[in-house]
Amino acid sequence: MPDFDLDNLKKTWQQQEVKPKYDGTQIEQMLNKSSRNYVKYILWISIAEFIVILAMNVYYTFLGDDTKSFLNILGKLGVQNTAQLEQDFAHLYFLLKIVSMMITGVFVVLFYRNYKRINIESNLKKLILQIIKFKKTVNYFIFANILLIILVLGILAAFTFATLSGQNIHLNHPTLIGFIVGFVVTMVLSVVLIWFYYRIAYGIILKRLGKNLAELKKIEQAEE
């Protein structure tokens, strides 16, 4: 019976060529498919957001009234509630809701167009450019929503001061300071919540998409 040489067996095993489980083309195809799926997930999330915003706007326009809370704040500042005031604010608030819905709708269309362009059969360089463009579009969408919150709160603050001026109401110093502090705190909290939401809803997907992008760039450099 021949002697069993463990060291020789190890050496022979180490010298054996290990074949990769997947070749470069297969890896590229998997990354392409994975990237397309990530883009599709973001598209679904944005569509869901648009549907929620649309449903809320329809509900409050025809069935509910979400303007009373702000008018109650004006009442605490000494503003007299009139039919004209309610009508002016209702028109302003409706316009802001339409703008919000339009912004979301525009980005839904952009996401869909980008999704259609990111095709599994696309060449590698084109796919990389499409993913970069898509990531920029998502970032623009996040910043647009943050700017929208700041714009809405700024318009509401301007409407408040215009109403106070129109009714010749002068706030005393403590009340004015309290209103400004409350306004700033509300704005900061709103921006933080919006940012936190998009970091959760989109951040994880974008991070994985970024990893795919880095791997695709490595494949492209290796092919050059």
Point to revise | ³J(HN,Hα) computed for each position of segment 73-82 - Karplus, 6.51 cos²θ - 1.76 cosθ + 1.60, integer Hz, glycine/proline x | key: 5, 4, x, 5, 8, x, 6, 7, 7, 10
Review point. For the residue pair residue 137 and residue 170, what label-to-label distance in nm results when each label sits 7 Å from Cα along the Cα-to-beta-carbon direction?
Key: 5.5
Review point. If you take the charge dipole of segment 80-224 about its Cα centre, with +1 on Lys and Arg Cβ and -1 on Asp and Glu Cβ, which of 177, 167, 104 is farthest toward its positive end?
Key: 104
Practice item. Quick one: what are the phi-derived ³J(HN,Hα) couplings along segment 196-205, Karplus 6.51/-1.76/1.60 with θ = phi - 60°, whole Hz, x for glycine and proline? Key: 5, 4, 6, 5, 7, 5, 10, x, 5, 5
Review point. Sorted by packing (mean other beta-carbon atoms within 10 Å per residue), highest first, where do 75-85, 190-200, 135-145 land?
Key: 135-145, 190-200, 75-85
Review point. How big is the charge dipole of segment 162-224 about its Cα centre, in debye rounded to the nearest 20, if each Lys and Arg gets +1 on its Cβ and each Asp and Glu gets -1 on its Cβ?
Key: 200
Check your understanding: To the nearest 0.05, how large is the calculated FRET efficiency for residue 51 and residue 214 if R₀ is 45 Å and r is the Cβ-Cβ distance?
Key -> 0.85
Revision key, fill the gap. Of segment 171-202, those with amide N under 19 Å from the point 7 Å along the Cα→Cβ vector of residue 59 are none
Exercise for review: Could you please report the charge total around residue 207, scoring K, R as +1 and D, E as -1 over all other residues with beta-carbon less than 12 angstrom from its beta-carbon?
Suggested key: +4
Exercise for review: Only Lys, Arg, Asp and Glu count, each charged at its Cβ (+1, +1, -1, -1), so figure out the dipole size of segment 71-222 about its Cα centre, rounded to 20 debye.
Suggested key: 1100
Check your understanding: How big is the convex hull of the Cα atoms of segment 133-224, per residue, in Å³?
Key -> 100
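Any read-out appearing in this document is the output of simple, stated calculations on the displayed coordinates, not a laboratory observation. This structure is a prediction, so every number in the text was calculated from the model and none was measured. We place every Cβ from the backbone using ideal geometry, glycine too, and count neighbours over all the protein chains shown.
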